[in-house]
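Note sheet for the following structure.
Where a number appears in this text, it was derived from the coordinates with a stated rule and is not lab data. Please read all numbers here as calculations on a predicted model, not as lab measurements. Don't worry about glycine lacking a Cβ; one is built from the backbone with ideal geometry, like all the others, and counts go over all protein chains shown.
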Amino acid sequence: MKVTPVSKKFGKYRPGEEFELPDKAAKVFVRAGKLRKVEPTYQTRMMTAAAPMQAAEEAPYGYKADGTPRKRPGRPAASE
């Protein structure tokens, strides 16, 4: 079972550090209040948003919500 210390060091581990401990021993220390069971955290697409892109030149029409520069109106799409 993955556990972490609650308030002070537990052996060589500090609060916030996760480590494995056999289930029986971990349950005893969790019940005593020395350790806390580590719950798995899952990342969703919403949590892993990329930072907005910054253009090297100043955009004359400002930036869109995603950080990309706005295109000038009435211009054809840029070809590659």
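For a straight C-alpha distance cut-off of 27 angstrom, the lysines reachable from Lys24 (same-chain residues fewer than eight places away being disregarded) are Lys2, Lys8, Lys9, Lys12, Lys34, Lys37.
By average Cβ neighbour count within 10 Å, what is the ranking of 16-25, 1-10 from highest down?
Numbers: 16-25: 11.2, 1-10: 14.4.
Going from most to least packed, we get 1-10, 16-25.
Residues with beta-carbon under 9 Å from that of Val6, excluding Val6: net charge, scoring Lys, Arg +1 and Asp, Glu -1?
Numbers: positive: Lys8, Lys34, Arg36; negative: none.
Combined, the nearby Lys, Arg, Asp and Glu give +3.
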